[in-house]
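J.: The structure follows.
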Amino acid sequence: MLGGFLRSLGVPSDEIPDDVAERAARYRSLLADRRMLLILDNAHSTEQVRLLLPGTASCLVLVTSRDSLVGLRALHGARRIDLDVLPLEDAVKLLRAIVGPRIDAAPNTAAALAQLCACLPLALRIMAALALTRIDDSLDDLLIELTELTDEQAGIRLDALEAEDSSLLAVRTVFSWSYRYLPPDAARLFKLLGLNPGHDISHAAVSALLGNGPRQTASLIRALAGAHMIQRTQPHRITMHDLLRSYARERAAEDPEPERRQALQRLLDHYLSMALDATDKLLPSEPQRLLLDIKATERQVVSLANAQQSREWFDAERANLVAMTAYAARHGWPRLAGQLSTVMWYYLSVGAHRSDALAVHTHALQAARNHHDQVAEGRALGNLGLTYWQLGRHRDASAYFTSALAIFKEIGDVEREGNALNNLGVAAEAMGNYPTATTYYQQALIVHGRLGDRVGEGIALDNLGNIAYRKGEYDQALARHHDALLVFEEVGDDQRKGVCLNNMGNAFLRIGDRRQATSCQRQALALARSTHDRVGEGVALGDIGVILHTFGRHRPALTHHERALVIARKIGDPPDEALALYNLGRTCKALRRLEVSLSCHRQALGIAIETSDRGLEATALIGLGETLVAAGKYEDAEKSFHAALSIAQQIDTPYEQACALQGVGDSCQATSRGAEALFRWKEALALYTRLRVPEAARLAVRVVH
């Protein structure tokens, strides 16, 4: 619900955080300086409303509910206003507005009809809609019929309603009356809509639910809309009032279970087929690469034209897909739950929809374990691991990847074993365990090479390039990235091509080739945007900012780092948030905004420690030390550099060792310990020289003088 409010307030869908607390904070910040009336209709609980309260006196909130919401009054000072039903006169006016002159011709009968509807607007509208279709019957005929039906319905209730409440009895009576006069096919659709696990549904999905063609489906939708039994939410999408949904579900329960399951099977197959087609358009390099257990006969005819249309379909159906996966997992479709999880992983991952990814993959994992499906279990474990890795929970990610690898080895699934090895390498690399990561990547490269899996080979090569970069082997890093780039170009994987170009750009910059670095990063940014890779976009923006910083263009660099930080925070990406903070801190230092710089580096350090990212921790400590030197806090700076040096030596990253040693030397020089400073600078210079990086020439000048 918060997502819908944020969209209404002008926030693009891809900038809406997944974390509920972050959504609430963004929502409140947008309302802070506005005067608005917020209407929260049909609230179910205090908790549901609490997140939508603006927290500012400039906004008025009106909450409607069938429940008392005692907690809202007790905890948030809400004023309760008990509303009665419409006055009889107003109820008759509503009937007149819909039915027309027939109401004026029989005012007493109209009043009696309104009273039988308990003067409730929903019941009145449905009854009036039915009256419009029965022009040959007088209002007296309708009154007699409705009175008889009321007697029949006494003692019967909807699952969620108390029958002794006369107003609710009236609602049920009118529902039943309107349902009785629906054409058989429309009545069938009404019942089936009650089975839909999602909140709303597209016309195409309705066709699947019915097993009908689009033209017949559109006709039935018009019939239900005309009877006020459904609501149109936007073009080609409908929903139902929750009371009507409960009534529809109750009527559907009267049908044989096999018929209900067949309808749901068609609906679930529709979502799976559409999601698979959309993923094929978004990720053409892997057509069914991980979906070999989905038979062609299970795929329905789909009509998504391109990647943009596919992404729009995913955006529109994301909440429903999460609901479908949960329903499938809990109601006897475990295999389909696993397939939905697998098909959705790319969209959820690249779009940074972390909370939805956790929900979908967790449902799939539980279903797989409940039904002893090891293949599905391994895939779900891998997808959960990737999500936790993206959230910066690297130890959790490693545990999931380890479990997935064990399963794939046990069942002899070599291809997925290769994927798990790559994933384990990513987790090990994130925690600074580069030798282990290298071993995993090399094993993955061998496995994918034997299978002829070009995408898997490309991923392993790119990852090995990252390890070479961390070890200071920049020529080797560029060679690995170049080989990976050729693979991604060969298979047409633009998203991974963008990631690879970003990595190449970093390696070029490290050896001082700013022209090549700039070219790579600009290409990476363009590809990230074209593939809607939010993570890639933020990283590329930050790396372009780093290049601008090296040219002394600190203000545009600052803008790039700020944009990168906004993206990382919006999508809930702690590692890249820390990196953006580090880069922002360096540029703020150059602009002599030292307090801001210190704050940025301390935040980056905190995230690095929390996520167990040892490499990032060393980098953040170096940045912190450099700013402390600039601020004249030499003792604290030296401690920071020594801490960074210790970590860099433990994880064997020579560039960071050199930076830390240079920082120690700077601290010594500032505190009149020239001999020690010279010694540390020479140590740093030896490393810089071995690495063949531009810092060697700059530091050599200081050592000579």
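The values are calculated or read from the model by the stated rules, or taken from the named source; none is laboratory data. Bear in mind the structure is a predicted one, so any value in this text is a computation, not a measurement. FYI the Cβ positions are ideal-geometry reconstructions off the backbone, even for glycines, and counts take in every protein chain you see.
J.: Residue 415 fails exactly one of the following numbered conditions: (1) modelled with pLDDT of 95 or more; (2) surrounded by fewer than 20 Cβ atoms within 10 Å (Cβ to Cβ); (3) among the acidic types (Asp, Glu). What is the number of that condition?
T.: Unmet condition: (1).
J.: Determine whether region 62-85 contains at least one residue that is surrounded by 14 or more Cβ atoms within 10 Å (Cβ to Cβ), at pLDDT 80 or above and either more than 24 Å from residue 24 (Cβ to Cβ) or touching a His at 6+ places or on another chain (Cβ under 9 Å) (or both).
T.: no
J.: Take the residues in region 334-379 that are outside any helix (DSSP H, G or I) and in contact (Cβ under 8 Å) with a residue 12 or more places away in the chain; name whichever of them is nearest to residue 426 (Cα to Cα).
T.: Going through the qualifying residues, I end up with 352.
J.: So is residue 392 at pLDDT below 95 and under 30 Å from residue 472 (Cβ atoms) or not?
T.: The answer is yes for residue 392.
J.: Further, regarding this structure: Of all residues in region 117-135, which are more than 45 Å from the chain's Cα centre (by Cα) and buried (at least 20 other Cβ atoms within 10 Å of the Cβ)?
T.: Once the filter is applied, which keeps residues that are more than 45 Å from the chain's Cα centre (by Cα) and buried (at least 20 other Cβ atoms within 10 Å of the Cβ), region 117-135 yields only 131.
J.: Still on this structure, I have one more. Consider region 440-470. How many of its residues are without any contact (Cβ under 8 Å) to a residue 24 or more places away in the chain and closer than 22 Å to residue 655 by Cα?
T.: 1
J.: Can you tell me which residue in region 474-520 is nearest to residue 654 (Cα to Cα), limited to those that are within 25 Å of the chain's Cα centre (by Cα) and among the polar types (S, T, N, Q)?
T.: Per the criteria, the residue is 503.
J.: In region 97-124, which residues are closer than 19 Å to residue 227 by Cβ and at pLDDT 85 or above?
T.: Correct list: 97, 98, 99, 100, 102, 103, 113, 114, 124.
J.: Could I ask something else about it? Considering region 387-421 alone, what residues qualify as being in contact with a Ser or Thr (Cβ under 8 Å, 6 or more places away or on another chain) and within 21 Å of residue 329 (Cα to Cα)?
T.: Scanning region 387-421 gives a single hit, 387.
J.: Also: With respect to residue 385, determine if the residue is small (Gly, Ala, Ser), modelled with pLDDT under 95 and under 28 Å from the mean Cα position of the chain (by Cα).
T.: No: the conditions fail for residue 385.
J.: If you check residue 680 against the conditions, is it part of a helix (DSSP H, G or I), free of Cβ contacts under 8 Å to residues at least 24 places away in the same chain and touching a helix residue (DSSP H, G or I) at 6+ places or on another chain (Cβ under 6 Å)?
T.: Yes, satisfied.
J.: Every residue in region 586-613 that is in contact with a helix residue (DSSP H, G or I) (Cβ under 7 Å, 6 or more places away or on another chain) and small (Gly, Ala, Ser), please.
T.: Residues satisfying the conditions are 590, 597, 604, 608, 612.
J.: Which of the following residues is modelled with pLDDT under 95, within 21 Å of residue 367 (Cβ to Cβ) and either touching a helix residue (DSSP H, G or I) at 6+ places or on another chain (Cβ under 7 Å) or buried (at least 16 other Cβ atoms within 10 Å of the Cβ) (or both): 277, 269, 315?
T.: That would be 269, the only listed residue that is modelled with pLDDT under 95, within 21 Å of residue 367 (Cβ to Cβ) and either touching a helix residue (DSSP H, G or I) at 6+ places or on another chain (Cβ under 7 Å) or buried (at least 16 other Cβ atoms within 10 Å of the Cβ) (or both).
Here's the yes/no breakdown for (1) surrounded by 20 or more Cβ atoms within 10 Å (Cβ to Cβ); (2) among the β-branched types (Val, Ile, Thr); (3) not assigned by TED's automatic domain parsing to the domain that holds residue 303:
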site	(1), (2), (3)
173	yes, yes, yes
197	no, no, yes
201	yes, yes, yes
209	yes, no, yes
213	no, no, yes
221	yes, yes, yes
224	yes, no, yes
240	yes, no, yes
265	no, no, no
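J.: Show me the helices (runs of 4 or more DSSP H) entirely contained within region 175-282 in which 3 or more residues are of a type in the set (Asp, Glu) and under 30 Å from residue 491 (Cα atoms).
T.: Result: 257-282.
J.: So residue 460 ticks every box in (1) modelled with pLDDT of 95 or more; (2) within 28 Å of residue 492 (Cα to Cα); (3) of a type outside the set (D, E, K, R); (4) in contact with a Gly (Cβ under 7 Å, 6 or more places away or on another chain) but one. Which box is left unticked?
T.: It is condition (4) that residue 460 fails.
Residue-wise test of (1) touching a strand residue (DSSP E or B) at 6+ places or on another chain (Cβ under 9 Å); (2) in contact (Cβ under 8 Å) with a residue 24 or more places away in the chain; (3) crowded, with 24+ Cβ neighbours inside 10 Å; (4) of a type in the set (Gly, Ala, Ser).
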{"residue": "560", "(1), (2), (3), (4)": "no, no, yes, no"}
{"residue": "573", "(1), (2), (3), (4)": "no, yes, no, no"}
{"residue": "580", "(1), (2), (3), (4)": "no, yes, yes, yes"}
{"residue": "591", "(1), (2), (3), (4)": "no, yes, no, no"}
{"residue": "601", "(1), (2), (3), (4)": "no, yes, yes, no"}
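J.: Could you say which residue among 671, 627 is surrounded by 20 or more Cβ atoms within 10 Å (Cβ to Cβ), polar (S, T, N, Q) and touching a helix residue (DSSP H, G or I) at 6+ places or on another chain (Cβ under 6 Å)?
T.: 627
J.: Now, a different point. Go through (1) touching a residue at least 60 places away in the same chain (Cβ under 8 Å); (2) surrounded by 23 or more Cβ atoms within 10 Å (Cβ to Cβ); (3) not charged (D, E, K, R) and name the single condition residue 535 misses.
T.: (2)
J.: Go through (1) touching a helix residue (DSSP H, G or I) at 6+ places or on another chain (Cβ under 7 Å); (2) of a type outside the set (Ser, Thr, Tyr); (3) surrounded by fewer than 24 Cβ atoms within 10 Å (Cβ to Cβ); (4) within 22 Å of residue 697 (Cα to Cα) one by one and return the number of the condition residue 515 breaks.
T.: Against the list (1) touching a helix residue (DSSP H, G or I) at 6+ places or on another chain (Cβ under 7 Å); (2) of a type outside the set (Ser, Thr, Tyr); (3) surrounded by fewer than 24 Cβ atoms within 10 Å (Cβ to Cβ); (4) within 22 Å of residue 697 (Cα to Cα), residue 515 comes up short only on (1).
J.: Hey, another quick one. Can you pull out the residues in region 674-690 that are surrounded by fewer than 19 Cβ atoms within 10 Å (Cβ to Cβ) and within 46 Å of the chain's Cα centre (by Cα)?
T.: Within region 674-690, 689, 690 meet the criteria.
J.: Among the residues of region 353-375, which ones are buried (at least 24 other Cβ atoms within 10 Å of the Cβ) and either more than 11 Å from the chain's Cα centre (by Cα) or among the small types (Gly, Ala, Ser) (or both)?
T.: 357, 361, 363, 364, 365, 367, 368
J.: Please enumerate the residues belonging to region 380-437 that are out of contact with any His (no Cβ under 7 Å at 6 or more places or on another chain) and assigned to a loop (DSSP other than H, G, I, E, B).
T.: 391, 392, 393, 412, 413, 432, 433
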